[in-house]
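What follows is one structure encoded as structure tokens, with my remarks underneath.
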Amino acid sequence: EVGGDAAFYFDPLSADSIAQVLDQVAALDDLTRQQTIARGIAHARTFTWDRCARQTIDAIVTLL
């Protein structure tokens with residue numbers, strides 16, 4: 001998934017699953033919350049326009 005290990009995943013069709021994840025996130029201590037935010041920011045930095053362009057070109061070349 002695009003969120004990597006910094007996201008909290010749930011079944012979007014299950015109210016119980018959504019509620020469980022919301023409870024989990026609400027119960028995070030400050031340190032874990034800050035660590036999760038830092039992982040998210042670090043993971044987001046891996047998504048660059050240069051990387052996107054390279055992967056798009058590679059996919060097109062592979063298909064040709």
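The values are calculated or read from the model by the stated rules, or taken from the named source; none is laboratory data. Keep in mind it's a predicted model, so treat the numbers as computed, not measured. Virtual Cβ from ideal backbone geometry, glycine too; neighbours counted across all protein chains shown. Accessible surface is based on the protein model in full, side chains and every heavy atom, while ligands, DNA and RNA are left aside. Shrake-Rupley method; radii C 1.70, N 1.55, O 1.52, S 1.80 Å.
For GLN24, the criteria (1) surrounded by fewer than 10 Cβ atoms within 10 Å (Cβ to Cβ); (2) part of a helix (DSSP H, G or I) hold in every case but one, which is (1). Scanning segment 8-17 for residues being outside any helix (DSSP H, G or I) and open to solvent by less than 40 Å² (accessible area, probe 1.4 Å) gives a total of 1. The set of residues in segment 51-64 being within 17 Å of VAL2 (Cα to Cα) and open to solvent by 90 Å² or more (accessible area, probe 1.4 Å) consists of GLN55 alone.
Residue pairs whose Cβ atoms lie under 6 Å apart, sitting 6 or more positions apart in sequence or on different chains, and linking a residue in segment 1-18 that is at positive phi to a partner that is open to solvent by less than 100 Å² (accessible area, probe 1.4 Å), are GLY4/HIS43. Total residues in segment 34-64 satisfying the condition of being in a loop (DSSP other than H, G, I, E, B) and β-branched (Val, Ile, Thr): the figure is 2. Identify all residues within segment 1-34 that are out of contact with any Lys or Arg (no Cβ under 6 Å at 6 or more places or on another chain) and small (Gly, Ala, Ser); write none if there are none. Those that are out of contact with any Lys or Arg (no Cβ under 6 Å at 6 or more places or on another chain) and small (Gly, Ala, Ser): GLY3, GLY4, ALA7, SER14, ALA15, SER17, ALA19, ALA26, ALA27. A Cβ distance below 9 Å, combined with a sequence gap of six or more or placement on separate chains, defines the contacts here; from segment 33-61, residues that are on the phi > 0 side of the Ramachandran plot and modelled with pLDDT of 95 or more reach no residue that is exposed (fewer than 10 other Cβ atoms within 10 Å of the Cβ) and in a helix (DSSP H, G or I).
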